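What follows is a set of notes on a single structure, which appears directly below.
The values are calculated or read from the model by the stated rules, or taken from the named source; none is laboratory data. Note that the structure is a prediction, hence the values are computed from the model and not measured. Don't worry about glycine lacking a Cβ; one is built from the backbone with ideal geometry, like all the others, and counts go over all protein chains shown.
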Amino acid sequence: MPATASTAILSFAARQEARTHELEDIDGLVRLYRAKVYRYVAYSINDADLAESITQDCFVKAYANRASFRGDCSVSTWLMSIATNLVRDHVRTQKFKFWRNFRATAADVTDMSHQISSRASSPESALIARERVQGVHAALATLSERQRSVFVMRFLEEMDLAEIAKATGMPVNTVKTHLHRAVTAIRAQLGPNASTLGGTR
Amino acid sequence: MNQHLTDEQFTDLLLGLDDGTAATHLNSCEHCRHEMARVEETMGMLREASMDWSRQRVAEMPTPQPGFFERLGLSFRPAAGMAMAAVLAIAVAVPFLIRDNDVPQQAAVQHMSPVPTAEQIAADNELMSAINQEIAQPAAQHEAAFASESGKARTTKR
């Protein structure tokens, strides 16, 4: 009979220990997914500085609501859905400021150009890559927040349509429609099909 | 006549949703193949650049130290205190539950009889008295242990 008491206490202690591990996990979660969430938010709202704060809010919210995560999607998709809601809240309340802020993020595009330079095999290919990436950024600026979010999830985060639908709460067909619009805008921005750097990746 | 892919067919192909028609066309159309290569290449450049950029930005951000979330007021401390109280409550309650578990074996037989005997009543009274005694005693110990544990938790937090 004392074994029953010990079992009950040990079981309770085990649950407590699991919670403690969750606490440790959130630190791991931040390390693992911070860049991903930040990238998604930064592109979605076109404001790199604000994205920093929204990314932090995303992890705080995830931590506070970790009990509601039932494991029916990946942690990554779950975080993206939290980030999506935060972005939407932000866009709703900061709609006008949002577009003004876009110009201020031009500096971020320049930052990105340095990254391209470090990867490119030659100055010429770096220049072409910079122009292409800047062209995509310009095209993204013409899209709605939802179209941009969906585009980032698909082409930067390489999520499949079902995952995007889950993270955004949109039907798959709506996701497809947004992607069609985004790809068409980007192709138009890239201009006539005149040159490539050669071959697919 | 060489009709190129529509925007929709092109995007379907890019998204992997093509039913095979666009892929077949691609094999025979240099223009569309070139366009697909250009768009895929651009997406790849964007992906790499954005990943490098975001990793660099995040590396420059202050790293949340362990316990960062606690400081935001999402601490588990109150839960830990409650947990300790619950553990103590279980520790106190379980012996009674065990005793209750023992009793029904006798009680099951007793319930077979419609009228309790004097012996059964005396046994019940003895059990109730023992329970009352034990409840009164560990309560003080429980409070002392909980106060001591809360003190320790506060010290640890500092």
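A quick yes/no check of all residues on (1) facing chain B (nearest Cβ under 10 Å); (2) under 19 Å from A:Ala182 (Cβ atoms); (3) at pLDDT below 90:
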{"site": "A:Ile82", "(1), (2), (3)": "no, no, no"}
{"site": "A:Lys95", "(1), (2), (3)": "no, no, yes"}
{"site": "A:Met112", "(1), (2), (3)": "yes, yes, yes"}
{"site": "A:Ser125", "(1), (2), (3)": "yes, no, yes"}
{"site": "A:Arg130", "(1), (2), (3)": "yes, no, yes"}
{"site": "A:Phe155", "(1), (2), (3)": "yes, yes, no"}
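Just one of A:Ile116, A:Ile164, A:Ile186 is modelled with pLDDT of 95 or more, out of contact with any strand residue (DSSP E or B) (no Cβ under 6 Å at 6 or more places or on another chain), surrounded by 17 or more Cβ atoms within 10 Å (Cβ to Cβ) and hydrophobic (A, V, I, L, M, F, W, C); which is it? Lay out the reasoning, then the answer.
Values: A:Ile116 fails: modelled with pLDDT of 95 or more; A:Ile186 fails: modelled with pLDDT of 95 or more.
So the residue among A:Ile116, A:Ile164, A:Ile186 that is modelled with pLDDT of 95 or more, out of contact with any strand residue (DSSP E or B) (no Cβ under 6 Å at 6 or more places or on another chain), surrounded by 17 or more Cβ atoms within 10 Å (Cβ to Cβ) and hydrophobic (A, V, I, L, M, F, W, C) is A:Ile164.
Which members of the range A:32-77 meet the condition of being of a type in the set (D, E, K, R) and surrounded by 15 or more Cβ atoms within 10 Å (Cβ to Cβ)? Show your work before the answer.
Let us first name the residues in the range A:32-77 that are of a type in the set (D, E, K, R), namely A:34, A:36, A:39, A:47, A:49, A:52, A:57, A:61, A:66, A:70, A:72.
Residues satisfying the conditions are A:Arg34, A:Lys36, A:Arg39, A:Asp47, A:Glu52, A:Asp57, A:Lys61, A:Arg66.
Quick check on the range B:2-22: of everything there that is of a type outside the set (Asp, Glu) and surrounded by fewer than 12 Cβ atoms within 10 Å (Cβ to Cβ), which residue is nearest to A:Arg187 (Cα to Cα)? Can you show your working first?
Residues of the range B:2-22 that are of a type outside the set (Asp, Glu), as a first pass: B:2-6, B:9-11, B:13-17, B:20-22.
Those still in the list that are surrounded by fewer than 12 Cβ atoms within 10 Å (Cβ to Cβ) too: B:2-3, B:6, B:16, B:20.
Values: B:Asn2: 20, B:Gln3: 18, B:Thr6: 12, B:Gly16: 17, B:Gly20: 22 Å.
For the range B:2-22, the residue satisfying everything is B:Thr6.
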